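The values are calculated or read from the model by the stated rules, or taken from the named source; none is laboratory data. As the structure is a computational prediction, the values presented were derived from the model and not from experiment. No Cβ is skipped: glycine too gets one built from the backbone with ideal geometry, and neighbour counts run over all protein chains shown. What goes into the accessible areas is simple: the full protein's heavy atoms, side chains included, and nothing from ligands, DNA or RNA. Shrake-Rupley method; radii C 1.70, N 1.55, O 1.52, S 1.80 Å.
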Amino acid sequence: MKILTFLNGKGLICGRDPKRIECDRGGILKIGDTEIEVSVGGDSILPVLFHGATVRHSATFTDEHGEVFDLGTVEVKNGRITSPHPFAVEIAELRSRIDVLEKKNSELQAKTEELSHIFDTNSLNFLIG
């Protein structure tokens, strides 16, 4: 399973291996009252949850910087996390792409403002330098 986190403070747990969990950042996964430590750059072992019961619980992920991501409601079958519907995974992948584009857009806006400031304050300086 993989924890996907987004810029809007939300996230999703999805994947095929219900015995392992990974994320691009370290932190604590909390499902109901159960806390699971997730290390960055590797798979963490997922224990059998809720004594093997089938339940639905809310989940959050708190990264090492204290940022909390709402993972919504997670379905646990026979003590293992199940992947959400493929449509939800597809939407999450689109959200990931949006996050990348938003970051690039912010960087381009900052660069544009920097260049605009250079032109506004001394356009000859730009031509000479």
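Which aspartates and glutamates, on any chain, are close to LYS104 with Cα under 13 Å apart, when same-chain ones fewer than 8 places away are left out?
none
Where does the charge balance sit around LEU49 when Lys and Arg score +1, Asp and Glu -1, over other residues with C-beta under 13 Å from its C-beta?
+2
Using the heavy atoms of the protein chains and a 1.4 angstrom probe, tell me the accessible area per residue for the stretch 42-120 in square angstrom.
Heavy-atom accessible area per residue stands at 70 Å².
Suppose every Lys and Arg Cβ carries +1 and every Asp and Glu Cβ carries -1, with no other charges. What dipole size does the stretch 19-129 come out with about its Cα centre, to the nearest 20 debye?
Dipole size: approximately 500 debye.
Provide the gained length on full extension for the span ILE91 to ASP17, in nm with one decimal, where the gain is 0.36 nm per separating residue minus the Cα-Cα distance.
Full-extension gain reported as 24.6 nm.
How much net charge surrounds VAL74 when only the other residues with a Cβ under 14 Å from the Cβ of VAL74 are counted, with Lys and Arg +1 and Asp and Glu -1? It would help to have the intermediate numbers written out before the result.
On the way: positive: LYS2, LYS10, LYS30, ARG56, LYS77, ARG80; negative: ASP33, GLU35, ASP70, GLU75.
Charge balance in the 14 Å sphere: +2.
Can you work out the FRET efficiency for the pair SER58 and ALA110, with r the C-beta to C-beta distance and R0 = 25 Å, to the nearest 0.05?
0.10
What size of dipole, in debye to the nearest 20, comes out for the stretch 23-71 about its Cα centre when the only charges are +1 on Lys and Arg C-beta atoms and -1 on Asp and Glu C-beta atoms?
For the stretch 23-71, the charge dipole is close to 240 debye.
So what is the 222 nm mean residue ellipticity for the chain from helices alone, if each DSSP H run of at least 4 adds -39500 (n - 2.57) and you divide by all residues, rounding to the nearest 500 deg cm²/dmol?
Counting only the DSSP helices, I get -11500 deg cm²/dmol.
In whole Hz, with x marking every Gly and Pro, tabulate ³J(HN,Hα) for the stretch 46-53 from phi via Karplus 6.51 cos²θ - 1.76 cosθ + 1.60, θ = phi - 60°.
Working through the residues one at a time gives 8, x, 5, 8, 6, 6, x, 7 Hz.
Kindly provide the GluC sites (Glu not before Pro) of the stretch 13-122 that DSSP labels as loop, not H, G, I, E or B, and whose Cβ sees at most 16 other Cβ atoms within 10 Å. Before the final figure, lay out the partial values.
Details: sites: GLU22, GLU35, GLU37, GLU64, GLU67, GLU75, GLU90, GLU93, GLU102, GLU107, GLU113, GLU114; in loops: GLU64, GLU67.
The qualifying sites are GLU64, GLU67.
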